[in-house]
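Presented below is the structure to which this report refers.
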Amino acid sequence: MKQNKIFTMVMAIITVCFLIATGLSIYSLYREEQKNQEEMARVLAGRIHDSIKSELTKPIMVGRAMANDNLLQEVLHSEDQRSEAENIRLMQDQLYLLKCRLGYNTAFLVSDKSRRYYTYKGFNKYVDIKNDEHDIWYKLFVEGGKSYDLDVDIDEVHGRRWTVFLNTRIEDKNGVYLGACGVGVNMDHLQEVFENYEKEYGIKINMINPEGLVQIDTNTVNIENAYLKDAPIGRKDSQEYVYRLEGMTGYTITKYVEDLGWYLVVKKNSDWGIAAVSSLLLLNTVAYFVVLGVLLLIVRDILQNEERKIRKTALTDRLTGLPSRNFLNLHLGSSNSVFDKNIHPMVGVFDIDNFKNVNDTFGHIEGDEILKKVSDLSREVIGLQGDIVRWGGDEFVILFHCGLEEAMNLSEKLRSMVESETKVTLSLGLCTVKEQEVFKSALYRADQALYYVKEHGRNGVKLFEEDAE
């Protein structure tokens with residue numbers, strides 16, 4: 001008993017001394033780190049600022065050169081004096097020359113007079129700001145009155161890839177507005193630049209607009225979707241970096257990039273302390289923590305088991321028991337990931353017709369029961385021929401493992417069983433997955449087929465029209 005007390009006392013003294021020594025070491029390292037961190041952060045942010053400015057300044061200069069080209073202005077002035085074919089040929093030649101000389105595939109010009117949208121391939125479309133949501137950028141650009149601006153958007157001409165468009169205003173010497181021109185920088189390239197910095201320095205980089213909306217991010221899901229409203233943003237007329245300490249040794253630093261009209265945001269999490277403490281403990285307590293190491297392994301196993309449980313819960317819809325949207329994101333990587341046609345040759349989207357009326361009439365509890373019943377029926381009908389995911393609300397996605405004919409039969413069977421065994425009906429849209437198609441594209445076409453069913457009375461199954469040809 002006495003030996004146990006002495007052993008316990010000695011262990012306590014050793015432990016206290018170890019903790020004091022380790023604490024002092026960590027504090028000294030922490031103070032030293034804080035002295036140098038802000039300066040290092042400014043240097044790093046400056047390098048990133050110069051890199052992104054270099055990537056986007058050249059396209060701005062190209063756009064200005066195009067807008068000031070006298071020949072191009074003359075072509076636009078006299079556009080109505082030539083045939084459409086001749087105008088297309090002239091514009092195509094100019095943009096093709098730019099492509100060959102500078103390597104910009106996404107080079108474009110919009111004539112304000114004719115509203116024709118030209119690329120190096122020739123005539124692409126008519127800009128229709130009233131009926132085409134993709135063309136609203138042109139209205140905003142004209143009304144904004146800026147000589148140029150940046151616009152992050154999907155490039156409909158080149159594979160629907162995220163692109164930073166450098167829109168430039170074309171005016172003649174009298175200030176008469178003639179149209180817009182410019183080039184586009186592929187988001188993939190800018191993301192690669194950011195990713196190299198992020199991996200090398202353990203940071204997170206964003207470009208945001210003055211409202212905080214993310215314009216450039218290595219995570220494509222965040223582009224034009226996420227907001228960084230807590231970033232320490234300085235004045236637009238200031239050339240200074242705005243630095244803010246985050247946690248023990250993390251930070252956020254921002255700078256307004258005047259030429260772009262965006263803010264650069266560089267963020268580093270407080271991860272230094274973990275690495276430093278781990279090193280000190282390893283060097284000073286190898287022998288002492290043999291037993292503790294065993295305990296840590298046990299704790300680790302417990303935490304891993306808990307993490308697996310949490311992960312499973314996060315990937316499963318609690319109400320229906322089906323895989324959730326999070327599961328689909330994990331399975332695919334992102335909505336821009338290429339779909340494997342050999343595994344999922346067909347995609348289906350269905351939802352419950354007038355489900356809001358069901359909730360309003362019978363209550364949300366009854367609505368939940370209907371959702372569970374529809375989910376059970378979908379599992380029963382689809383079985384091993386597909387993966388069913390609850391996309392959100394009353395909307396579900398089916399990733400079929402079978403071909404067109406069987407997928408249509410299963411879909412019709414599901415529709416029929418829901419109609420006969422529940423109080424509701426459902427509408428279902430299908431599409432055939434193309435070679436090297438991204439998930440977002442396939443889902444869009446299945447949605448279009450679903451909308452067709454909705455517009456033609458609901459309670460039906462429809463294959464995307466082009467797939468049926």
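Just so you know, all these numbers are worked out from the coordinates, no wet-lab data involved. Just so it is clear, the model here is predicted, and its values are computed rather than measured. Cβ: placed from backbone, ideal geometry, glycine included. Neighbour counts: every protein chain shown.
Applying the Karplus relation 6.51 cos²θ - 1.76 cosθ + 1.60 with θ = phi - 60° to the range 47-52 yields 3J(HN,Hα) values of 5, 5, 4, 5, 5, 6 Hz, where x marks Gly and Pro. 3J(HN,Hα) along the range 377-392: 5, 5, 5, 5, 6, 6, x, 8, 8, x, 9, 9, 10, 7, 6, x Hz, from the Karplus curve 6.51 cos²θ - 1.76 cosθ + 1.60 with θ = phi - 60°, whole Hz, x for Gly and Pro. A cut-off of 5 Å between modelled amide H atoms, ignoring neighbours fewer than 5 places along the same chain, links Val257 with Trp262, Tyr263, Leu264.
For Gly212, no residue 5 or more places off, or on another chain, has a built amide H under 5 Å of its own. The range 129-199 and the range 400-469 have Cα centres lying 35 Å from one another. Both the radius of gyration and Dmax for the range 157-209 are 16.6, 52 Å, in that order, over alpha-carbon atoms.
The residues neighbouring Val358, those whose beta-carbon lies less than 11 Å from its own, together hold a net charge of -4 under the Lys/Arg +1, Asp/Glu -1 convention. Each residue in Met91, Met40 was given a count of other beta-carbon atoms within 10 angstrom of its own, and listing them fewest first yields Met40, Met91.
Between Asn209 and Leu384, the contour length at 0.36 nm per residue exceeds the alpha carbon distance by 58.4 nm. For the pairs Lys99/Lys434; Lys229/Lys356; Lys413/Lys454, note any where the Cα-Cα span goes beyond 23 Å. Over 23 Å Cα-Cα: Lys99/Lys434; Lys229/Lys356.
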